[in-house]
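Right, one structure below, let's go through it.
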Amino acid sequence: MAGTYDTENQRTIDRIMCIAFRQARDAGATFIDRLWIATKLGRSTRWVSDNWNKNPEDCFTEFGSGRPQQLSQESRAIIASASHQQRKGHRKVAKEIFQKREKRVSHVTIGRYRNRDGQKPFHVIAKPLKTKTHIEDRLWLSDWLSEWDEEDFLHLAPSDEFFVYAIRKPNFQNDRIWAKDVGDIAEDERYREIVRNPSCIGIFVMFTAKKLLWVLKEKGESWDGSYFRETILKQHVIPFLKDPQNVLAVDEAVFIHDKAPCMRAKATQQLLKAENVEFWGNDIWPGNSPDLNPAEHVGAIIKDEVEARMLVEVGKGRYSVETLKKNLILVLESLENRIELFEDLLCSYPSRLKAVCDSMGQHTIY
């Protein structure tokens, strides 16, 4: 079927059959419609709509000389030079190849090649403040904390959760992912199989001026409210904050988390209040403010250091979740008592808040 052996010859045959079925319908075969044709050809109804009104001579290819089954070395070089650059998406690169080499290459072909080699365009994902309320909340927080000094901020306990992947996964929005050297990936027969289901580990981190708390969630499920309350808060965060070895003063420790659904839930807020844990709740923390959460920086450090370890892994199990877990734990253990780092991040709050005021509530460089 077409879906299994989707060569250019098969596409041409299917286009011609599609036109023939449509002509039969126009001649009176009332049982034929686009869905019937799509089922017969193993194609989508959208594909049928795009092709059944063509002339037979238009069916052979959209590219005159045929769609290239393998990119030339010159085209590969153009794609490689365009990767990790702004405004160099697949369509832009296809146009660049045509301008430089007068060869037409489908943007889909470029996308597949980039995916196999772990390349991707420089993908800037804007995170605009969604509403005027976000801006007002950020400015309010900056004003509310204007009288705090650095010693006050040392009592904060910022937190965050994220996922760490064992292999590069192009165009993934939030997380850094890893593989061995890009030049070697094309020769790795297992890469295509592995990239479909890359190993990943979820991680929750929280730090104070004295210590780092981390919790691994290896299966990569969503951080739903029940898991967050029963496992993260009850078993880890609350005991951690009530231990004087982990905080400067138990009565003054303040738990900080963004407005993720698991934290925003009323049950979560009520649990923290019942446990007498000070925290910045829904009425304090401004939404959409990653630049005000220094735990984001700890996450970036963790990913950078795990990446360095993953890049030197060799052998059959280099992409496995066991290898990823081993390296992740080593990095986390090395960070647990980085007091100078934690103090620097907490003492950066006055600068962060000033930057918010200077930008009139907009996002900042932090």
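The values are calculated or read from the model by the stated rules, or taken from the named source; none is laboratory data. For clarity, every value in this text was computed on a predicted model and none was experimentally measured. Note: ideal-geometry Cβ built from the backbone for every residue, glycine included; neighbour counts use all protein chains shown.
Annotations for the structure displayed:
- Within region 242-268, the residues that satisfy the criterion of being among the aliphatic types (A, V, I, L, M) and in contact with a Ser or Thr (Cβ under 8 Å, 6 or more places away or on another chain) are Val247, Leu248, Ala253, Ile256.
- Subset of region 322-347 that is among the basic types (Lys, Arg) and in a helix (DSSP H, G or I) - its residue that is nearest to the chain's Cα centre (by Cα): Lys325
- Output for region 283-298, where each listed residue is part of a loop (DSSP other than H, G, I, E, B) and closer than 21 Å to Leu346 by Cα: Ile284, Trp285, Pro286, Gly287, Asn288, Ser289, Asn293, Pro294
- The lone exception for His123 - which of (1) closer than 30 Å to Thr231 by Cα; (2) surrounded by fewer than 19 Cβ atoms within 10 Å (Cβ to Cβ); (3) in contact with a Gly (Cβ under 9 Å, 6 or more places away or on another chain); (4) at pLDDT below 55 it fails: (1)
- Taken as a whole, the structure leaves Pro286 outside the set of residues that are closer than 18 Å to Met206 by Cβ and in the same structural domain as Pro158 (by TED's automatic domain parsing).
- Residue identified as of a type in the set (Phe, Trp, Tyr), within 25 Å of the chain's Cα centre (by Cα) and not assigned by TED's automatic domain parsing to the domain that holds Trp144 among Tyr366, Tyr319: Tyr366
- Pairing residues of region 216-244 that are modelled with pLDDT of 95 or more with residues that are assigned to a loop (DSSP other than H, G, I, E, B) and surrounded by 17 or more Cβ atoms within 10 Å (Cβ to Cβ), at Cβ distances under 7 Å and at least 6 apart in sequence or on separate chains, gives Ile238/Val277; Phe240/Asn246; Leu241/Val247; Leu241/Ala253; Leu241/Val277.
- Val237 vs. criteria in the same structural domain as Trp144 (by TED's automatic domain parsing) and more than 28 Å from the chain's Cα centre (by Cα): no
- Every pair of residues 6+ apart whose Cβ atoms lie under 6 Å, when the first sits in region 151-164 and is among the hydroxyl-bearing types (Ser, Thr, Tyr) while the second is at pLDDT 90 or above: Ser159/Met206; Ser159/His257; Ser159/Ala295
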